[in-house]
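Asker: The structure under discussion is supplied below as structure tokens; questions concerning it will follow.
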Amino acid sequence: KDRGIVSLSIQSDSKTLINSIINRSPAPELYGVVADILCISAAFESVSFRWILREENTNADLLAKQVLSVNEAFMAST
């Protein structure tokens with residue numbers, strides 16, 4: 001938003017998450033995540049959500065796993 005971005009296209013390989021966002025009826029275990037996504041997305045003029053195949057999401061999945069690994073190592077050291 002601070003960089004002037006007004007529209008987002010969000011893709012996920014989690015069909016449950018995308019359906020929860022689109023239908024605004026999350027499963028109990030996703031309620032907090034969906035609420036955060038909807039709150040943040042309200043700041044933009046246009047936001048689209050799309051489910052993609054897991055095979056199309058390998059780069060993002062690897063990046064997320066690397067970040068989680070670094071965070072877990074950091075938390076273990078504190």
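The values are calculated or read from the model by the stated rules, or taken from the named source; none is laboratory data. What you see is a predicted model, and the numbers here were worked out from it, not measured in a lab. Note that each Cβ is placed from the backbone with ideal geometry, even for glycine, and that neighbours are counted across all protein chains shown. The protein model used for the area step is the full one, side chains on, heavy atoms only, and it has no ligands, DNA or RNA in it. Shrake-Rupley method; radii C 1.70, N 1.55, O 1.52, S 1.80 Å.
Asker: Would you mind estimating how fast the range 7-76 diffuses translationally, via Stokes-Einstein at 10 °C and 1.306 mPa s with the Kirkwood radius over Cα pairs, in µm²/s?
Answerer: Details: Rh = 13.5 Å.
The diffusion coefficient I find is 118 µm²/s.
Asker: Percent relative contact order of the chain, based on C-alpha pairs within less than 8 angstrom and at least six residues apart? List each step's numbers first, then the result.
Answerer: Values: 59 pairs, mean separation 31.2, N = 78.
Across the chain, relative contact order equals 40 percent.
Asker: State in Å² the accessible area per residue of the chain; use a 1.4 Å probe, count heavy atoms of protein chains only, and round to the nearest integer. Mind dumping the intermediate values first?
Answerer: On the way: 6140 Å² over 78 residues.
On a per-residue basis, the chain sits at 79 Å².
Asker: Another question about this same structure. State the extension gain, in nm to one decimal, for the chain segment bounded by LEU63 and THR16, taking 0.36 nm per residue of separation less the distance between their alpha-carbons. Let's see the in-between values first.
Answerer: Values: separation 47, 0.36 × 47 = 16.92 nm, distance 2.09 nm.
The span from LEU63 to THR16 would gain 14.8 nm if fully extended.
Asker: Also, quick follow-up: Just flag the trypsin sites (Lys or Arg not before Pro) in the range 21-57 sitting in loop per DSSP whose Cβ has no more than 12 other Cβ atoms within 10 Å.
Answerer: Numbers: sites: ARG24, ARG50, ARG54; in loops: ARG24.
Answer by residue number: ARG24.
Asker: What ranking do 12-20, 29-37 get when scored by the average of other Cβ atoms within 10 Å per residue, highest first? Show your work: numbers first, answer last.
Answerer: Values: 12-20: 15.9, 29-37: 13.3.
With the highest mean Cβ count within 10 Å placed first, the list reads 12-20, 29-37.
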